[in-house]
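*Asks:* Quick one: this structure, given as structure tokens, is what I'll be asking you about.
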Amino acid sequence: MKYNNKSADVRRQVSTSTVIALAVAAMTCVGGVDPMPAAAQSVPAASDGSATCAAVGTRSGTSSSTNVTYAAYAGGGSSDALNVAQVADNCLVYAGGRISTAVPVAARKIGAATTDKSTGVLTLAWPQNGQIVAAVRFGNAINDAQLRRSNGDIAVASDAGLAVLSADLATTRWRQDGNFTRAAVGTDGTVAGLYGSGGKQLAVYSAGGTAIFSRTFTDSMVNDVAVYTGATAADTRVIVTGMAQRDGGGCTKLQVAWIRAYNLKNELVWKSYDWTHAQAFARSSSCADTRGYRVEVGLDGKLYFAGEAAGGNSIYRFGSADLQAAAPNVTSDAYNNPYNTRSNHITYFTRLDPLTGAQSAGSFLLARLTNGSGNTIRPRAITADQNGAVYVGGISAAHIQNRPNIVLNGKKLQVYTGGDPWLLILSPDLRQRRLWIALTDGGQGEVQAIGVGGGAVAVATRADKKDVNGFALYTTPGAATTYSGTKAGHLTVIPSN
């Protein structure tokens, strides 16, 4: 996204898409509506995310190098970040978070509490150059959003509420007030949101915004929600993940990850992990703390879970619904085999059937110190494309595989300085790392969200710290190499295949 911290002018480039974006930026916002350019509407659409994003191109390179279509900062205040990345079926990219600097188009305001100075911003931009064509303001932070693939609407979670917006951001279909931390939408329009203190309250709505059910969790953490649309309403699943503190017994203190799936009658249909302290301890002393962080229904219709474990002796070694069975985990090298690791937090992700919870594939993921010891790597986003390729991202301590030799657009990245935002793309069987890169180029940050579609992957990141020269994350030529303030959002667009 091309923001200018000194003015709201859009950078001029000689291209058809830029002329369209400039025309939109120059229009007077009538009734708070930002029109979608005709060219954007004319891009072929597909309900499964398989439209071809020709402007993004195709990926070239190795598992540690790639061509990057676009990478630039957004904002640059004391607590700015991007928390949303979605690729629409017309190949435009949604990005949002907390942006305290100017937006180069008139931004429609959602809700009476939102003003022209509100920093919760969601934008719609061209993937090849970041030119913004529409934007909304919604509270002071956009925390999450997900596209409804069947019609292009987008469900948005903000600290000011939960809303469903039209694809062009011009219309609010419906809205609920509250401090929402996460949002998910199924293809039938069923929307689920987490809200309240710690996101421990779940609210589920129909496509028209009518409340279906709600529930309150008493667990220590409630971190994410997903919605799966089945063949009938009875097959719809609202899936939640988090962590329960279960102390006592052989492990003394134990954090246990859980996944729970509910039908539209608010009935528990299946659950994964969620073991008691005694069950975990009895199975090979599985005393490593575990937490569930993300659940997402991929474009392939499968459920993807990402969590972490504080060490190698965790419940993730065993079946998600059967502690006596071995988990279907892929083990090929030092980066997905949790040996020589202590209590450092490592990533685990798995694929499940959203209807039944049946587990089909999984993998650990580790960083490694130069002496071979396992090191911390944490997940903050997971998704999958229509072919089942898996995309995971988060923050890593030293070092992901081949970290000293990562190359973006022919530029070798600066050495690790602490806190690498990383992106991993895996083949559907989880055995081939098609791409595993850091986005850091001198500083520190954390991937917050990943969106895929049409051969494009968009990555939303929070830039946390700059080096002595002011650099933090990689940016493409023509974009600012640094930002004002202490934190910023950052958007990266990469060809996924």
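Every number in this text was worked out from the coordinates using simple rules, so none of it is lab data. Keep in mind the model is a prediction, meaning the values are calculated, not measured. Here the Cβ is made from the backbone with ideal geometry for all residues, glycine too, and neighbour counts use every protein chain on show.
*Asks:* Given Lys302/Lys466; Lys253/Lys466; Lys411/Lys487, which pairs have Cα atoms separated by over 31 Å?
*Replies:* Violating the 31 Å Cα-Cα cut-off are Lys302/Lys466; Lys253/Lys466.
*Asks:* With θ taken as phi - 60° and the coefficients 6.51, -1.76 and 1.60, list the Karplus ³J(HN,Hα) couplings across the stretch 178-192 in order, rounded to whole Hz; mark glycine and proline as x.
*Replies:* x, 9, 9, 9, 9, 9, 8, 9, x, 5, 7, x, 4, 10, 10
*Asks:* Next question. Using alpha carbon centroids, what distance separates the stretch 72-109 and the stretch 399-471, in Å?
*Replies:* Computed from Cα coordinates, the inter-centre distance equals 19 Å.
*Asks:* Sort the stretch 364-497 into rounded, prolate or oblate with this rule: let a ≥ b ≥ c be the square roots of the eigenvalues of the Cα gyration tensor; rounded if a/c is under 1.5, and if a/c is not under 1.5, prolate when a/b is larger than b/c, oblate otherwise.
*Replies:* Verdict is oblate for the stretch 364-497.
*Asks:* Using mean Cβ contacts within 10 Å as the protection proxy, how do 356-363, 486-493, 76-83 order, highest first?
*Replies:* Most protected by this proxy first, the peptides run 486-493, 76-83, 356-363.
*Asks:* Compute the angle between helix 16-26 and the longest alpha-carbon principal axis of the chain, please, reported from 0 to 90 degrees and rounded to the nearest 10.
*Replies:* 80
*Asks:* In nm, to one decimal, how far is the Thr331 label point from the Thr356 one, both placed 7 Å along Cα→Cβ?
*Replies:* Result: 2.6 nm between the two label points.
*Asks:* So how do Arg431, Arg237 line up by other beta-carbon neighbours within 10 Å, fewest first?
*Replies:* The fewest-first ordering by Cβ neighbours comes to Arg431, Arg237.
*Asks:* Related question: What does the net charge come to around Thr171 if you take all other residues with beta carbon closer than 10 Å to its beta carbon, with K and R at +1 and D and E at -1?
*Replies:* Net local charge, Thr171 excluded: 0.
*Asks:* To one decimal place, what Kirkwood hydrodynamic radius in Å is obtained for the stretch 425-497 from all pairs of distinct Cα atoms?
*Replies:* Its Kirkwood hydrodynamic radius stands at 13.3 Å.
*Asks:* For every helix of n ≥ 4 consecutive DSSP H residues, a contribution of -39,500 (n - 2.57) applies; sum these over the chain, divide by its total residues, and give [θ] at 222 nm rounded to the nearest 500 deg cm²/dmol.
*Replies:* Computed ellipticity for the chain at 222 nm equals -1000 deg cm²/dmol.
*Asks:* Provide, as a two-decimal number, the C-alpha radius of gyration of the stretch 279-320 over 2.2 N^0.38 Å, N being how many residues it has.
*Replies:* This ratio for the stretch 279-320 stands at 1.36.
*Asks:* Calculate the translational D of the stretch 267-402 in whole µm² s⁻¹ from Stokes-Einstein, where the hydrodynamic radius comes from the Kirkwood formula applied to all Cα pairs, the temperature is 10 °C and the viscosity 1.306 mPa s.
*Replies:* The calculation lands on 105 µm²/s.
*Asks:* Additional query: So what are the radius of gyration and Dmax for the Cα set of the chain, in Å?
*Replies:* Values for the chain (Cα only, Rg and Dmax): 21.4, 68 Å.
*Asks:* Where both partners of a DSSP beta bridge lie in the chain, what percent of those bridges are antiparallel, to the nearest 5?
*Replies:* Once the DSSP bridges in the chain are tallied, antiparallel ones form about 95 percent.
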